[in-house]
Structures are given as structure tokens and as C-alpha cells.
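J.: My questions all concern the structure below.
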């Protein structure tokens with residue numbers, strides 16, 4: 001009797017696996033509306049403690065355990081800026097919440113907007129994404145690429161706190177700033193090489209083997225910025241497109257890293273940490289990975305940020321790959337290391 005029940009359970013599992021998991025992308029449903037918007041906004045505000053640790057004049061303050069930091073400036077606690085007149089200030093370092101990024105399998109699905117069903121079916125033209133019809137990433141009607149939406153979201157500005165603090169951005173606390181459905185370069189690996197022609201230099205076993213070192217350092221701490229073509233245990237930064245050969249939450253994290261890398265290459269995002277960032281942001285066409293930390297906030301929350309490239313198995317990936325709940329649509333919060341000279 002026991003073995004008969006066991007065989008029955010295994011058969012049911014195999015049937016479910018065949019019908020539900022064999023082609024997860026084709027089963028995706030866009031979960032978007034006022035309920036998802038409310039959950040995401042409340043989560044963003046409720047996890048604003050990821051700003052810590054804060055360093056003031058070389059003294060570190062941390063009121064939340066387990067939040068990691070990268071050493072970016074040293075020396076004397078005082079600093080001098082010329083903008084345009086000389087001013088003396090004190091060095092301050094913190095992690096600034098700057099954005100929400102949602103990689104989705106369904107084009108125009110926007111869980112972060114309070115629109116039922118997202119923008120699917122509401123766009124003025126009948127296309128999944130501009131340029132997607134000629135993409136090699138879509139075959140047999142299967143969605144094999146991620147589309148990404150970048151929202152400028154400032155947690156402290158949403159709370160209307162520290163609005164006069166020079167080290168934090170406060171204008172436009174919520175704004176949909178980028179949609180890859182409108183970007184033909186995101187739809188094709190070949191077109192993505194227009195932004196990153198150097199990708200051909202790293203398409204070899206030696207360069208990719210170096211990513212194993214980056215994966216180990218990212219898992220133990222922060223990734224190696226000189227290995228800019230690697231994103232730790234998440235694969236390669238190239239091509240700068242939504243084509244990733246995995247269907248899990250770690251693939252979603254890799255798409256977030258690629259999007260940040262792409263926005264730096266387009267000079268939409270700039271550098272903000274280190275001695276060069278004390279007096280203002282500066283162009284950073286090749287992104288320093290250690291400048292960023294991310295964490296999933298929807299549909300399954302991980303409460304604290306972690307560096308780009310950290311393996312999901314080690315810390316943050318537990319219970320995140322739930323097909324019925326995740327459905328390959330995730331929302332991530334992005335924190336950026338910010339060093340400034342405050343007066």
C-alpha cells in the first residue's frame with residue numbers, strides 16, 4: 001500500500017512538472033494592479049534601513065546588523081570641494097536608494113504601476129517590443145528574453161525626510177524612467193554589441209574562467225571591479241540584452257545587473273563613490289559593480305541588500321524560486337554607494 005501511494009504521488013508530480021514547469025514562460029500571467037503597487041511601495045519604505053551603515057568623518061554608524069559596506073574613501077575626515085568656490089566639509093558615506101527595477105517575461109507588464117494588468121493590451125501599437133520580431137531570443141512563440149522597467153524611486157523623498165540633506169537626491173521621488181520595450185538594442189544580442197563592441201574580447205574561455213574568481217569574491221564580499229565583464233555567479237555582463245539562458249530568480253538578478261551596466265554605458269547613471277564622488281557625480285561608462293547592492297522586494301522579499309554577483313544558494317535565494325508565485329516577474333530595489341563632502 002505504501003509503495004502504491006508513493007508511485008501515485010510521483011506520477012502526479014511528474015504530470016504537474018510536465019504541464020507547469022516544462023515551458024514556464026508560456027504560462028506567465030501578468031500580476032499588476034493597485035494591490036501590487038501598494039505592496040511594493042510599502043516594502044520600499046519599510047526597508048529604507050538599508051541606507052546603513054552611514055560613515056561620518058570616518059566613524060561608522062550602523063543600527064541594523066548584517067548590512068555590508070565597501071571602503072571607498074579614507075584618510076582625513078575633512079574634505080575640500082571647489083564648486084566653484086572652495087568649501088570645506090566632512091566626508092559622509094551611505095547607501096542611497098535610487099531605483100526599482102522590474103525584469104518581466106511579459107512585455108509591458110508593470111507590477112510597480114497601479115494599473116490592472118499593467119500596460120499589456122493598453123499600448124497604442126500591436127507589438128511585444130520594438131525590434132523583438134527579429135530577435136533570435138524568441139522562437140516558437142516562447143518568450144525567452146526579459147524586458148526591464150527602470151523606475152527612479154527615492155525612499156527618503158517618499159517619506160519627505162532629509163529633503164535638505166546634500167548627500168541625498170530629493171527631486172522626482174517616483175518616475176518611470178526607462179522601458180526596454182522601446183529600446184531595439186535590448187531585443188537583440190547583435191544590436192547590443194553597438195553599445196558594447198568590446199564584448200568580443202571576452203568571448204573566450206580564459207576571460208570567462210576569470211569570472212569564477214569574481215563569483216567567489218562576490219559570494220564572500222564584494223565583486224572585483226577590474227573584472228567588469230563578469231557579474232559574479234550570475235554570468236557575463238555581455239551581451240547587454242535581456243537574453244539569459246535561465247528561468248530562475250538568479251537570472252532575474254543578472255538582468256538587473258546588466259541593466260545597470262547598460263545605463264552606465266549610456267551615461268544615464270554616473271559614478272557616485274570614492275574620492276572622485278565627494279564633490280559630485282562623475283561619468284562612469286564602465287560600471288564599478290561594488291557601487292551597487294540590490295535585493296528582491298516582490299513577490300518574495302529578501303529584507304537586506306547584497307552585492308552584485310552573490311550566488312543565490314549562499315544567502316538570498318532560499319524559497320525565491322516559487323513558479324506559481326514568482327511567474328518570472330520580479331521587482332528589485334537598488335541601492336547605490338554614495339560618498340559626499342557635506343558642509
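No value in this document is a laboratory result; all are computed from the given coordinates. Not measured: the values here are computed from a predicted model. Ideal geometry is used to build each Cβ from the backbone, glycine not excepted, and the neighbour counts take in all protein chains shown.
J.: Using a 10 Å cut-off around each Cβ, can you sort 314, 334 from fewest to most neighbouring Cβ atoms?
T.: 314, 334
J.: While we're on this one: How far apart, in nm, are the 7 Å Cα→Cβ label points at residue 158 and residue 286?
T.: Computed distance between label sites residue 158 and residue 286 equals 3.5 nm.
J.: Could you calculate the contour length gain from residue 171 to residue 216, that is, 0.36 nm times the residue separation minus the distance between their Cα atoms, to one decimal place in nm?
T.: Extra length available between residue 171 and residue 216 comes to 12.4 nm.
J.: To continue, here is another question. Would you please give the FRET efficiency between residue 311 and residue 201, computed as 1/(1 + (r/R0)^6) with r the Cβ-Cβ distance and R0 = 30 Å, to the nearest 0.05? Kindly include the intermediate steps, with their values, before the conclusion.
T.: Values: r = 26 Å, r/R0 = 0.85.
So, using R0 = 30 Å, E works out to roughly 0.70.
J.: Normalised by the residues of the range 23-342, what does the relative contact order come to in percent, with Cα pairs under 8 Å and at least six apart?
T.: Details: 688 pairs, mean separation 73.8, N = 320.
The normalised contact order for the range 23-342 reaches 23 percent.
J.: Using packing as a proxy for protection, rank 49-59, 293-303 so that the peptide with the highest average count of other Cβ atoms within 10 Å comes first.
T.: 293-303, 49-59
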